[in-house]
Amino acid sequence: MTPTVKSILSHYESDNPGTKANLARILMQGRLGGTGKLVILPVDQGFEHGPARSFAINPPAYDPHYHYQLAIDAGLSAYAAPLGPIEAGADTFAGQIPTILKVNSSNSWSSRVDQAVTGTVDDALRLGCSAIGFTIYPGSDDIFEQMEEIREMSAEAKAVGIATVIWSYPRGGEISKKGELALDVGAYAAHMAALLGAHIIKVKLPTDHIEQKDAVAAYKDGDWSTQAKRVAHVRQACFAGRRIVVFSGGAAKGSDAVYQDARDIRDGGGNGSIIGRNTFQRPRDEALALLDKIVRIYKNEE
Amino acid sequence: MTPTVKSILSHYESDNPGTKANLARILMQGRLGGTGKLVILPVDQGFEHGPARSFAINPPAYDPHYHYQLAIDAGLSAYAAPLGPIEAGADTFAGQIPTILKVNSSNSWSSRVDQAVTGTVDDALRLGCSAIGFTIYPGSDDIFEQMEEIREMSAEAKAVGIATVIWSYPRGGEISKKGELALDVGAYAAHMAALLGAHIIKVKLPTDHIEQKDAVAAYKDGDWSTQAKRVAHVRQACFAGRRIVVFSGGAAKGSDAVYQDARDIRDGGGNGSIIGRNTFQRPRDEALALLDKIVRIYKNEE
Amino acid sequence: MTPTVKSILSHYESDNPGTKANLARILMQGRLGGTGKLVILPVDQGFEHGPARSFAINPPAYDPHYHYQLAIDAGLSAYAAPLGPIEAGADTFAGQIPTILKVNSSNSWSSRVDQAVTGTVDDALRLGCSAIGFTIYPGSDDIFEQMEEIREMSAEAKAVGIATVIWSYPRGGEISKKGELALDVGAYAAHMAALLGAHIIKVKLPTDHIEQKDAVAAYKDGDWSTQAKRVAHVRQACFAGRRIVVFSGGAAKGSDAVYQDARDIRDGGGNGSIIGRNTFQRPRDEALALLDKIVRIYKNEE
Amino acid sequence: MTPTVKSILSHYESDNPGTKANLARILMQGRLGGTGKLVILPVDQGFEHGPARSFAINPPAYDPHYHYQLAIDAGLSAYAAPLGPIEAGADTFAGQIPTILKVNSSNSWSSRVDQAVTGTVDDALRLGCSAIGFTIYPGSDDIFEQMEEIREMSAEAKAVGIATVIWSYPRGGEISKKGELALDVGAYAAHMAALLGAHIIKVKLPTDHIEQKDAVAAYKDGDWSTQAKRVAHVRQACFAGRRIVVFSGGAAKGSDAVYQDARDIRDGGGNGSIIGRNTFQRPRDEALALLDKIVRIYKNEE
Amino acid sequence: MTPTVKSILSHYESDNPGTKANLARILMQGRLGGTGKLVILPVDQGFEHGPARSFAINPPAYDPHYHYQLAIDAGLSAYAAPLGPIEAGADTFAGQIPTILKVNSSNSWSSRVDQAVTGTVDDALRLGCSAIGFTIYPGSDDIFEQMEEIREMSAEAKAVGIATVIWSYPRGGEISKKGELALDVGAYAAHMAALLGAHIIKVKLPTDHIEQKDAVAAYKDGDWSTQAKRVAHVRQACFAGRRIVVFSGGAAKGSDAVYQDARDIRDGGGNGSIIGRNTFQRPRDEALALLDKIVRIYKNEE
């Protein structure tokens, strides 16, 4: 165990050793093990976008084993997915990579900005998962119910040594489409996840837009011109770095943009990437090459 | 036990032996036992359409024993029905054919696209059922609640060795009537059932219509001109064949259409048919003849 | 233990010794220990206004340890915050200052005048908190549900020796913006908290406006010209002083206004201040100087 | 909070902040607050010896308030007693001194070397106690049941932030009367309490007798000639000082012997005294004088 | 994950992936990771023999951290201990080595051939343990109760993904002292652990004595002249190698005897050693050298 990881774990001061051991497993896994940096492979697009939009571009990805193997071969930190795919590979890959059970899920056809709870802490235990993952939509009409769901589930998880990852995606209500990626909105969303007791916070990389009129004054003297500076602000909103924060890059895009994101996350003091479509929607060889470069960026080798 | 069945069972890698034994019972039952193919007789039209629309055309079918006996005599794989009919024959036919307790049900008069939970895992145990069956309506306003119901029930079922069959019928919300049978929609619906942890997935045979604008790109390079190819895509959406998928044919229709469906399911790699009205709404002799031919199709004898 | 504190505790005559011990801890803590006066540091603006609006003006305040330390160094009575920040410092500062777990929380984006329950009595126990804090919005459409939530939670808390603090903020429904601070409304809100069984009541300092037509007659003969007299009336509404009542000052403002508020609270017989933004949005030195003067005011030294 | 206390608390690394806060309260209480030393007043002789043998010599001690007040006035660290006496003073003295609820008790007439469980963790919570106290009799026929009782109770206590004190008194079976105070036996008894998960361990000051034949070899090269050295060995048996260990002096005896015990405990690195009969069986003035001197000894002032 | 480990895991065919993941963690840990061989450090002699007999010969071993560090530095597979010592280091060493919570314990003074249950599955979860360890004494008057205890606990453990290790020590009743180490008795004890559903079985290395008259015939044609052959027979009794079996060497002895034991275990097809007193009762440097050689023996390098 490295001093960096020990220092990160020390911030989770109210957690029992079981929960810390699962955080440690994620932080010590793979090629970034011990660096304090993480790359997580999330595959929940099947629920969100359906199978064809997710996997038709790279048909081997229809098989849940594909993703387990990709995460392992790329030396990543953890693999996150809903119940079905975790069940489909949990025995074959038992003990090979920490898994995060995504316990709520939305879908393209829902008219509500909400998700169904589709997994439980008991599922996480029987499947050997290190954490549960839960999405909240700050801004939505159902945000209070979502908060109450994750309060219940994370309390249950903390008692049995399972860590909690919160995906915090501002959406709904008066938040504009542009505002969903605004700096003030992203920092606020990250902060709410921290306030709710998340161990690991997942947000999107923010733009330099400021959405909330009431927040303009607080941001006006800052320099938000670079993505790294914006990452640093989001990290600040995560209890000044006392909570792990990882960033997603959104829709699939060019490799260079992905690398630049990783550099900015690194330079801004973020803990890493959670990167799904940009990997499994590429051919496996290209995905491994891309992940290799991202890993090297986080290791300061690029 | 045949290598084919062993291979299918091996995909349910997180399940306990009790659940696998019940899956094995279904897979080893009747004339298709050991082939990896299934024909299931479902009789839940009483709830859906009322008794006369269901049974007047073939009055012996008012008697629940009729269906048990039909399924047994035709050498089918399992018989699925709601609580009442299962209770009405569970003693007489105990041990003769695997049963699937349909644990939620709709009816013609409901204004909501939803179902009531009308059976339990405890019922399934006391009645000796091998599985529970549950319908979800992706697209409906109540889909999240439906998902949370089946999460509870299938977790309970898995713990006591009962398998889960999900009927996944897209309906409601912005899905058009034509869209309910669209290929993209059907594959998505099947995929959601898999993501929810179903052991057996039941969907409708899809048309070549693509409903979702966002999905057009993912489908535009594929050849969906034949039903077999569409079946193959739905199978792909069921974890690349790691989950059993069976197809229904919808409303009663001509025998030749039914046979063609079976051939397409077989050729597309589907696991079989779940066929209700096309059997019990025919005189028993005709039904047995029709089922005999379907069985022979799945055995590659036709 | 001073006679003043003994007298205050004697008013909580149905409470078990565990709850009284926690009230005593708050009343005996810090520089005001034993005086019957309290100054509480609340930091829940992260939920309410987001991180930047809360902390950008004084960046060290992004770190939850900052607030614990500020409350301790200023000799305050207690520190109140949501789950995440309490978890982030509960071990480091265990036993150093009584904490109040804010168990429900709103946010800027919610369209409802409501809060999510984001903490539990079990959390309070495992984190060593002396009290739970809960906000109600008398006037809102959801007030009955809020009342039922705090009924459940405070009953549970009282059974295990945890005290209850109710933040009572009139808002929503037919209450005008001006009316939220009206004397009759504030007294009514404080009284409802007392009626609900709160041990400590937190309201805003009221203006001399009378909002409710039906209440005009009741107030017409009174002299509400000074803030101290209005405080005395609110205290009267808190069971004639049998319940502890503390006042918040609202948005950050000039020091002199803050001091005058404290003098008025003191002179009107209020129990003290709950003062957040006016402290942590100042540089630490200034905040300590301001809190020092407030403490001295409550000790009748200023 | 002093570095000494922070260091002691850091050894309880698996405990939640609630439990640590209660340990901190004991360690920060009274005249020894912050020194890492403790003096606890235990009054459970009523159960053990009956009221007259306990209190006739100093009749005011029949009143439970007497003991609370004695512990407070002497500036002690905590007061320990069974359910009845704690209930009889818990309100009057709420928040004035940490209390330890003795949750099992024996009596003079029992023919078994055992105790009845006479209090619960729920009692401790409603009475505002910082810890539960439990006696085990290693050597007795019922030791396994006693261990299982404290396992249940301390698990429950740890979950709600209550500390556990184990009184470990070797007795019964093949242990001779002389052996009950033997060094090897006392160290073993202390060690068993530590193994069971006690936060604070209470044993008797050992003699230099070695009781167990099998242990002679392990002790033969040590120098056990002074009581301080024997204390140091018992401390070693408490996880090399990672667990707090306090010593009782047994039956009432002369003041000088009591002072010498305290000096030896201090010099041997023990954490303090738990001293009952030697205080409450003296007139109050004498008891206060004696306790004052003991406190000064632990503060290295004598 | 190596083919050897995959093969071992495949034998636990009714276990959920959570339990397999914990077995995998043990099998992939340290210098023997992936070989299918294990060396476990057990430190429960404090309960069994008291602290001085256990640790006086090597005083640093009084500190629970000593053993965690020894197991880690020697590259062992797991560390096993009762509740107190696991609690004392679970946070410092979280995630660094799999731990086995010894959930029942005896002591030198007990007149019964039994143990107290001193830990729980909930403890194992909150402390991040990979397995529970439980001792049975086949032959004792209390064996049925012991069997029922481990039935309850291992069922609970298996449901939440915790593995079960059974220490099976024939003792009591009509078994002679010599008979405790007899081949037939040892094989029988190992078999009973397997029959009870243990994942890992711990027994003593057997002599060539045959204790039971009724068993003489069954053994008379075998060649039991070498320890390796006797190990092979015990392995046979553990479901022909379908369950992991590790051997203890008993009291501290010379290094050469320890090495020979390891070679015999290896050559007989045993899975490894559980070796306590022979390591922690030596100076740390000697212990590390001894463990290094044992590891190399299991790696076929010696």
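The values are calculated or read from the model by the stated rules, or taken from the named source; none is laboratory data. Quantities reported herein were computed from a predicted structural model and do not represent experimental measurements. All Cβ positions, glycine included, derive from the backbone under ideal geometry; neighbour counts span all protein chains shown. Accessible surface areas use protein heavy atoms only, side chains included; no ligands, DNA or RNA. Shrake-Rupley method; radii C 1.70, N 1.55, O 1.52, S 1.80 Å.
Please specify each residue of the stretch D:194-215 satisfying the condition of being part of a loop (DSSP other than H, G, I, E, B), touching an Asp or Glu at 6+ places or on another chain (Cβ under 9 Å) and among the charged types (D, E, K, R).
Narrowing the stretch D:194-215 to residues part of a loop (DSSP other than H, G, I, E, B): D:196-199, D:205-212.
Next, from what is left, pick out any that are touching an Asp or Glu at 6+ places or on another chain (Cβ under 9 Å): D:197, D:199, D:205-206, D:209-212.
The one that is part of a loop (DSSP other than H, G, I, E, B), touching an Asp or Glu at 6+ places or on another chain (Cβ under 9 Å) and among the charged types (D, E, K, R): D:Glu211.
Being part of a loop (DSSP other than H, G, I, E, B), in contact with a strand residue (DSSP E or B) (Cβ under 9 Å, 6 or more places away or on another chain) and away from chain E (no Cβ under 14 Å) is the filter here; which residues of the stretch A:124-140 pass it?
A:Tyr137, A:Pro138
If I go through the stretch E:141-177 residue by residue, how many of them are more than 14 Å from chain A (Cβ to nearest Cβ) and open to solvent by 10 Å² or more (accessible area, probe 1.4 Å)?
To start, the set of residues in the stretch E:141-177 that are more than 14 Å from chain A (Cβ to nearest Cβ) comprises E:141-154, E:164-177.
Now narrow it down to the ones that are open to solvent by 10 Å² or more (accessible area, probe 1.4 Å): E:141-145, E:147-149, E:151-153, E:169-177.
Final tally of qualifying residues: 20.
Kindly indicate whether any position in the stretch E:238-251 is touching a residue at least 40 places away in the same chain (Cβ under 8 Å), among the polar types (S, T, N, Q) and assigned to a helix (DSSP H, G or I).
The answer is no; no qualifying residue exists.
Hey, could you check the stretch D:216-236 for residues that are out of contact with any strand residue (DSSP E or B) (no Cβ under 6 Å at 6 or more places or on another chain), open to solvent by 60 Å² or more (accessible area, probe 1.4 Å) and part of a helix (DSSP H, G or I) and say which is nearest to the other protein chains (Cβ to nearest Cβ)?
D:Ala217
Take the stretch C:111-123 and flag every residue that is of a type outside the set (Val, Ile, Thr), open to solvent by less than 30 Å² (accessible area, probe 1.4 Å) and either in a loop (DSSP other than H, G, I, E, B) or more than 10 Å from chain D (Cβ to nearest Cβ) (or both). Please lay out each step first, then the result.
We begin by selecting, within the stretch C:111-123, every residue of a type outside the set (Val, Ile, Thr); these are C:111-112, C:114-116, C:119, C:122-123.
Then drop every residue that is not open to solvent by less than 30 Å² (accessible area, probe 1.4 Å), which leaves C:114-116, C:119, C:123.
Selection gives C:Asp114, C:Gln115, C:Ala116, C:Gly119.
Kindly state which helices (runs of 4 or more DSSP H) lie completely within the stretch C:1-68 and contain at least 2 residues that are at pLDDT 95 or above and out of contact with any strand residue (DSSP E or B) (no Cβ under 9 Å at 6 or more places or on another chain). Walk me through it before giving the result.
On the way: elements: C:3-10, C:17-28, C:45-49, C:51-55.
Per the criteria, C:3-10, C:17-28, C:51-55.
Exactly one of these conditions fails for D:Leu32: (1) away from every other protein chain (no Cβ under 14 Å); (2) open to solvent by 50 Å² or more (accessible area, probe 1.4 Å); (3) closer than 24 Å to D:Leu127 by Cβ. Give me its number.
Among (1) away from every other protein chain (no Cβ under 14 Å); (2) open to solvent by 50 Å² or more (accessible area, probe 1.4 Å); (3) closer than 24 Å to D:Leu127 by Cβ, the lone unmet condition for D:Leu32 is (2).
So in the stretch A:42-75, with the set limited to residues that are more than 7 Å from every other protein chain (Cβ to nearest Cβ) and hydroxyl-bearing (Ser, Thr, Tyr), which one is most open to solvent (accessible area, probe 1.4 Å)?
A:Tyr66
Would you call B:Asp208 over 22 Å from A:Phe47 (Cα atoms), away from every other protein chain (no Cβ under 12 Å) and not aromatic (Phe, Trp, Tyr)? Give the derivation first.
On the way: over 22 Å from A:Phe47 (Cα atoms): no; away from every other protein chain (no Cβ under 12 Å): yes; not aromatic (Phe, Trp, Tyr): yes.
No; evaluated as a whole, the condition is false for this residue.
Any idea which residue in the stretch D:147-193 is nearest to E:Arg53 (Cα to Cα), counting only those that are within 12 Å of the chain's Cα centre (by Cα) and in a strand (DSSP E or B)? So that I can check it myself, show each step before the final result.
Applying the first criterion (within 12 Å of the chain's Cα centre (by Cα)) to the stretch D:147-193 yields D:164-169, D:190, D:193.
Subsequent filtering for residues that are in a strand (DSSP E or B) retains D:164-168.
On the way: D:Thr164: 27, D:Val165: 25, D:Ile166: 22, D:Trp167: 22, D:Ser168: 19 Å.
By that ranking, first place goes to D:Ser168.
Find the residue count for the stretch E:252-289, including only residues that are in contact with a Ser or Thr (Cβ under 9 Å, 6 or more places away or on another chain), surrounded by 19 or more Cβ atoms within 10 Å (Cβ to Cβ) and either part of a helix (DSSP H, G or I) or of a type in the set (S, T, N, Q) (or both).
11
Any residue in the stretch B:153-182 that's under 13 Å from B:Glu211 (Cα atoms): show its pairings with residues that are open to solvent by 10 Å² or more (accessible area, probe 1.4 Å) and in a strand (DSSP E or B) at Cβ separation under 8 Å, as long as the two are six or more apart or on different chains.
Listed by first residue and then by second, the contacts come to B:Glu180/B:Lys204; B:Leu181/B:Lys204.
List, please: which pairs have Cβ atoms under 7 Å, are six or more places apart or on different chains, and start with a residue in the stretch E:17-37 that is farther than 16 Å from E:Lys299 by Cα and touching a residue at least 24 places away in the same chain (Cβ under 8 Å) and end with one that is acidic (Asp, Glu) and open to solvent by 10 Å² or more (accessible area, probe 1.4 Å)?
Partner pairs satisfying both residue conditions: E:Pro17/A:Asp91.
Yes or no: D:Asp73 more than 29 Å from D:Tyr137 (Cα to Cα) and touching a Pro at 6+ places or on another chain (Cβ under 6 Å)?
No: the conditions fail for D:Asp73.
Out of (1) modelled with pLDDT under 95; (2) touching a helix residue (DSSP H, G or I) at 6+ places or on another chain (Cβ under 8 Å); (3) within 23 Å of E:Val103 (Cα to Cα), the odd one out for D:Asp141 is which?
(2)
Please indicate, with yes or no, whether at least one residue in the stretch B:82-101 is touching a strand residue (DSSP E or B) at 6+ places or on another chain (Cβ under 8 Å) and at pLDDT below 95.
No, every residue in the stretch B:82-101 fails to be touching a strand residue (DSSP E or B) at 6+ places or on another chain (Cβ under 8 Å) and at pLDDT below 95.
Of all residues in the stretch C:76-107 being facing another protein chain (nearest Cβ under 7 Å) and assigned to a loop (DSSP other than H, G, I, E, B), which is surrounded by the most Cβ atoms within 10 Å (Cβ to Cβ)?
Within the stretch C:76-107, the match that is surrounded by the most Cβ atoms within 10 Å (Cβ to Cβ) is C:Ala94.
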